[in-house]
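Structure record follows, encoded as structure tokens.
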Amino acid sequence: MRIDLAEAARRISAGQPVAFPTETVYGLGAPAFDARAVLEIFKIKGRPADNPLIVHIAEATQLETLVTAIPEAAHKLAKAYWPGPLAIVLPKNPVVPDAVTAGLSKVAVRCPDHPLALALIRLTGPLAAPSANTSGRPSPTRAAHVEADFGAEFPVVDGGTCSIGIESTVVDLSGHEPLLLRPGAISQDMLKHATGLTFRPVIVEKHAEAASPGMKYTHYAPKATVRWWDGQPDSKALILTVTSNRAGSANRIDYCHDFSTFAKELYDRFRQADHEGFQSVAIERFSPDAAPIAAGLLNRIEKAIQR
Ligand code: TXA
Ligand code: MG
């Protein structure tokens, strides 16, 4: 059910989570300081209780109310990339409920680059928000995806199609060493460019102890099997390639080295494959260095393949 901003703010302030658009994927928001409403998010998504939420803010100054220390590198990243697809993990201010961070003493914060998200947060204050999908399903990039997961009556602010399409880059600046917890549209090079620092990627194995707890769960996967494409035609597969299609076939989509459009459409293609009854999604391999967003895109595809 599509609702306007005023209605969304009213519901959120009454402790009822609402889905809203960001530039990455749709979020499911509740007031960050309302522990009861935050727990409701976990229930709606079927999300494991040990997977913390990102707090969304509308101005960089709100960061000060959420964390106890802001290192120079965090200031530089916020200045360079906020509003934008970057979440920064910092030591948590005790006023932030444990429900938000799943008991961790650090909190992830990001300022989304979407006019509706920013307008909503200005009405409600900081919002704790995971992606607005059922746990284990691909993140929603359109309002209809949210309704497909949570039902037609679920309240959604419709902001059209998300422009980036994969979740934000997550970095951890709470410890001695800068860590990259989740690759996204803000690349390693962009992090280094803004801070002069190298962010060590923390590769999380499926069931290992996780620095970013969310990365150990299966994610992003459709019901169809996701696999690398072997170059062969396959009428039962939705084939996604990064080079161009000389042969031509109805079930093959070519992104012609346009990795931004590929990222924007990936989760919609996963949902399309299920909708149209394909047995698999076969994806042409590419290098993580092919484009700034390529490493993030590759990470989501690998997670869908692992499932
Ligand atoms: O682009 C995005 O970040 C979207 C939109 C809605 O903003 N949100 C999103 O949230 O992807 P979610 O909950 O689906 O993913 C949050 C990720 C998880 O991998 C989680 O483990 C990590 O961020 N995270 C959150 N808080 C953390 C913390 N305190 N320490 C380490 N990792 C954290
Ligand atoms: Mg998610």
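The values are calculated or read from the model by the stated rules, or taken from the named source; none is laboratory data. Keep in mind that this is a model prediction, so the values were computed, not measured. Note that we place each Cβ from the backbone using ideal geometry, even for glycine, and neighbour counts take in every protein chain shown. The accessibility values were calculated without ligands, DNA or RNA, using every heavy atom of the protein model including side chains. Shrake-Rupley method; radii C 1.70, N 1.55, O 1.52, S 1.80 Å.
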| message | Criterion first (within 16 Å of ligand 2 (Cβ to nearest atom), open to solvent by less than 20 Å² (accessible area, probe 1.4 Å) and not in a strand (DSSP E or B)) does S135 satisfy it? | response | no
| message | If I filter the range 111-129 for residues that are buried (at least 20 other Cβ atoms within 10 Å of the Cβ), of a type in the set (S, T, Y) and either within 16 Å of ligand 2 (Cβ to nearest atom) or at pLDDT below 95 (or both), do I get at least one hit? | response | no
| said: For the list (1) touching a residue at least 60 places away in the same chain (Cβ under 8 Å); (2) over 21 Å from G184 (Cα atoms), I need the number of the one condition that F42 fails. | reply: (1)
| Which listed residue, of R300, R269, R252, is farther than 28 Å from L191 by Cα and under 18 Å from the mean Cα position of the chain (by Cα) | R269
| request: Mind listing just one residue for me: the one in the range 138-155 that is assigned to a loop (DSSP other than H, G, I, E, B) and more than 11 Å from ligand 2 (Cβ to nearest atom) and, of those, surrounded by the most Cβ atoms within 10 Å (Cβ to Cβ)? | output: T141
| said: Take the conditions away from ligand 1 (no atom under 11 Å from the Cβ), out of contact with any helix residue (DSSP H, G or I) (no Cβ under 8 Å at 6 or more places or on another chain), of a type outside the set (G, A, S) and more than 25 Å from P292 (Cα to Cα) and apply them to T101. Does it pass? | reply: no
| message | Can you say whether I88 is within 20 Å of the chain's Cα centre (by Cα), surrounded by 23 or more Cβ atoms within 10 Å (Cβ to Cβ) and away from ligand 2 (no atom under 16 Å from the Cβ), as far as the supplied structure shows? | response | yes
| the range 266-283 - residue that is surrounded by fewer than 17 Cβ atoms within 10 Å (Cβ to Cβ) and touching a strand residue (DSSP E or B) at 6+ places or on another chain (Cβ under 8 Å) and, of those, nearest to D230 (Cα to Cα) | Q279
| Out of A304, A263, A291, A295, which single residue is within 14 Å of V226 (Cβ to Cβ), surrounded by 15 or more Cβ atoms within 10 Å (Cβ to Cβ) and out of contact with any Ser or Thr (no Cβ under 6 Å at 6 or more places or on another chain)? | A304
| Before we move on, is A69 at pLDDT below 95, open to solvent by 40 Å² or more (accessible area, probe 1.4 Å) and outside any helix (DSSP H, G or I)? | no
| note | Considering residues that are open to solvent by less than 50 Å² (accessible area, probe 1.4 Å), farther than 21 Å from F199 by Cβ and either in a loop (DSSP other than H, G, I, E, B) or at pLDDT below 95 (or both), the number found within the range 34-65 is 7
| request: State which residue is farthest from K79 (Cα to Cα) when the search covers only the range 167-195 and only residues that are hydroxyl-bearing (S, T, Y) and within 10 Å of ligand 1 (Cβ to nearest atom). | output: S174
| field | Pairs with Cβ under 7 Å, 6+ apart, first in the range 162-176 and within 16 Å of ligand 2 (Cβ to nearest atom), second at pLDDT below 95 | value | V170/S212
| task | Could you grab me the full set of residues in the range 91-108 that are closer than 17 Å to L28 by Cβ and either surrounded by 23 or more Cβ atoms within 10 Å (Cβ to Cβ) or within 16 Å of ligand 2 (Cβ to nearest atom) (or both)? | result | V100, T101, A102, A108
| Given the structure, is G84 among the small types (G, A, S), closer than 21 Å to E23 by Cβ and in a loop (DSSP other than H, G, I, E, B)? | yes
| task | Can you work out which of the residues in the range 248-260 that are open to solvent by less than 60 Å² (accessible area, probe 1.4 Å) and assigned to a loop (DSSP other than H, G, I, E, B) is nearest to A294 (Cα to Cα)? | result | Y255
| Checking K76 against (1) open to solvent by less than 10 Å² (accessible area, probe 1.4 Å); (2) away from ligand 2 (no atom under 16 Å from the Cβ), which single condition isn't satisfied? | (1)
